Amino acid sequence: MYQFILFLLVITILFIIYSEYTVGGILIRTDSSGKDSINISSMFNFMIHPLKNKLLWNYKSLDINYPFIIIISTILYKFDFIINYFL
């Protein structure tokens, strides 16, 4: 179980880095004084936005859809576990 939680943590960190690189301005934003600041609530809202809106469930935006990435990652993790268990 610990390995799975660590796996999801790594996937989440990679997702945040990828989303910030591709979309930009989600986690790191310029504040009113012109300095870059970390906006955790904005990233959290971006990550759960597909649960509220169907817009991010199209084929072209699945790479920035956090629930989709977590589901696919979990399936791949469990599939690898099943293969290793039976071999």
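Look at the dipole of the chain built from charges on Cβ: of V10, S33, M43, the Cα furthest out on the positive end belongs to M43.
Our summary of shape: the Cα atoms of the chain have principal axis extents of 58, 28, 19 Å, ordered from largest down, in whole angstrom.
With the helix formula -39500 (n - 2.57) applied to DSSP H stretches of n ≥ 4, the chain reaches a computed 222 nm mean residue ellipticity of -19500 deg cm²/dmol. With r defined as the distance between the Cβ atoms of F44 and D80 and R0 fixed at 30 Å, what FRET efficiency is calculated, to the nearest 0.05? Taking R0 as 30 Å, the efficiency between F44 and D80 is 0.60.
Values quoted throughout were computed directly from the atomic coordinates according to the rules given, and no laboratory measurement underlies them. Here the structure is a predicted model, which means the values were calculated and not measured. All Cβ positions, glycine included, derive from the backbone under ideal geometry; neighbour counts span all protein chains shown.
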